[in-house]
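The values are calculated or read from the model by the stated rules, or taken from the named source; none is laboratory data. In this text the structure is predicted, and so the values were computed from the model without any measurement. Counting neighbours? That spans all protein chains shown, and the Cβs are built from the backbone with ideal geometry, glycine included.
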């Protein structure tokens, strides 16, 4: 009996479930299979959140190329004063 590798879509779905169940669950990050790669998209509140997601991706999808388009939201105080009319 030969062992069939898990499909990319199955692995991406499993990764998404793991994200949703963990601390990162409310962040709205999406993982999509694109060809032979995984694309991560969404917006997170901090660099730490993005790093956590990438760490989980490296653990769960170690043998797959992962492209990260996760944006870190600007949550700090504004650098410049806003000019109001």
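Among the residues of region 15-52 satisfying the criterion of being assigned to a helix (DSSP H, G or I) and surrounded by 14 or more Cβ atoms within 10 Å (Cβ to Cβ), which is modelled with the lowest pLDDT? That would be 24. For region 61-85, taking the residues that are touching a helix residue (DSSP H, G or I) at 6+ places or on another chain (Cβ under 9 Å) and either in a strand (DSSP E or B) or modelled with pLDDT under 90 (or both), the one that is surrounded by the most Cβ atoms within 10 Å (Cβ to Cβ) is identified as 70.
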